[in-house]
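A short write-up of the structure that comes next.
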Amino acid sequence: MFIELCDQPETIIHIIHEAFDRYKEDPIPSSALYETAATITTEIEQGVRMFGGHIDGEHVAVVKVTEQEDALYFARLSVLPTVQGKGYAKKMVQFIEALAIAEGKQAVTCRVRKTEVGNIQLYTKLGYAIILEEYTKNKQEQGMVVVTMRKPLHAPAHEHVNSKNSPSFVQ
């Protein structure tokens with residue numbers, strides 16, 4: 001999978017909506033389903049980096065990345081349902097970790113609904129730990145419990161990744 005910055009709001013929102021569609025019947029549907037190409041454009045203008053992973057020129061995954069003081073934070077990690085289970089989410093997370101190291105960050109963080117046991121298990125397997133559990137409300141004012149997960153990073157002396165000026169990754 002080749003991963004790079006993606007500045008195509010229509011592509012980004014399509015993948016997010018496809019990936020989060022399974023939550024539309026939940027008692028508290030994901031806020032991702034309310035996002036639009038316009039909201040994605042606004043986020044890009046506000047400095048949120050959107051990365052897309054593609055196979056043979058077709059985008060199959062996207063993720064939002066923002067900077068925190070000592071970490072990179074990722075959200076809306078989305079993989080098309082037709083290719084889920086092939087390790088693409090893991091590769092996207094590994095890319096974010098390598099990018100964080102290249103940018104001198106000490107950790108990577110994300111937030112997950114506590115009810116999303118599968119996602120929590122995936123991130124735990126990748127070395128993330130729950131550091132905070134809190135009750136919050138989504139943009140539709142619906143309450144839920146979310147956990148913040150964090151993975152400390154240690155840069156290997158031999159590893160090099162392109163910086164945010166030319167973010168790309170082949171694996």
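All of the numbers you see were taken from the coordinates with simple rules; none came from a lab. What you see is a predicted model; the values in this text were computed from it and never measured. Cβ: placed from backbone, ideal geometry, glycine included. Neighbour counts: every protein chain shown.
Structure values in brief
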item	result
Furthest towards positive pole of dipole, Leu99, Thr41, Ala129, structure part the chain, Cβ charges	Ala129
Lys, Arg +1 and Asp, Glu -1 on Cβ, resulting dipole of the range 2-155 about Cα centre, debye, nearest 20	580
Karplus (6.51, -1.76, 1.60) ³J(HN,Hα), θ = phi - 60°, over the range 74-91, in Hz, Gly and Pro reported as x	10, 8, 6, 4, 10, 10, 3, x, 5, 10, 5, x, 10, x, 6, 4, 4, 5
Residue-span extension gain [His14 to Ser31] - 0.36 nm each, minus C-alpha spacing	4.7 nm
Loop sites in the range 10-102: GluC sites (Glu not before Pro), DSSP, at most 13 other Cβ within 10 Å	Glu25, Glu69
For the range 15-90, fraction of C-alpha pairs farther apart than 21 Å, in %	31
Integer Hz, Karplus 6.51/-1.76/1.60 couplings in order for the range 114-124, x for Gly and Pro	4, 6, 8, 4, x, 5, 4, 5, 4, 5, 4
Rounded FRET efficiency, nearest 0.05, which uses the C-beta distance separating Glu116 from Gln46 and R0 of 35 Å	0.85
Computed helical MRE - 222 nm, the chain, DSSP H runs ≥ 4 contributing -39500 (n - 2.57), nearest 500	-8000 deg cm²/dmol
Cut-off under 5 Å, modelled amide H: who pairs with Val60 long-range	Gly53, His54, Ile55
Solvent-free Debye scattering, log10 I(q)/I(0), computed from the Cα coordinates of the chain at q = 0.11, 0.16, 0.18 Å⁻¹	-0.44, -0.99, -1.28
Cα lying deepest toward the dipole's positive end in the range 2-155, options Phe74, Gly52, Ile120, charges on Cβ	Ile120
³J(HN,Hα) computed for each position of the range 34-42 - Karplus, 6.51 cos²θ - 1.76 cosθ + 1.60, integer Hz, glycine/proline x	9, 6, 9, 4, 5, 5, 5, 4, 4
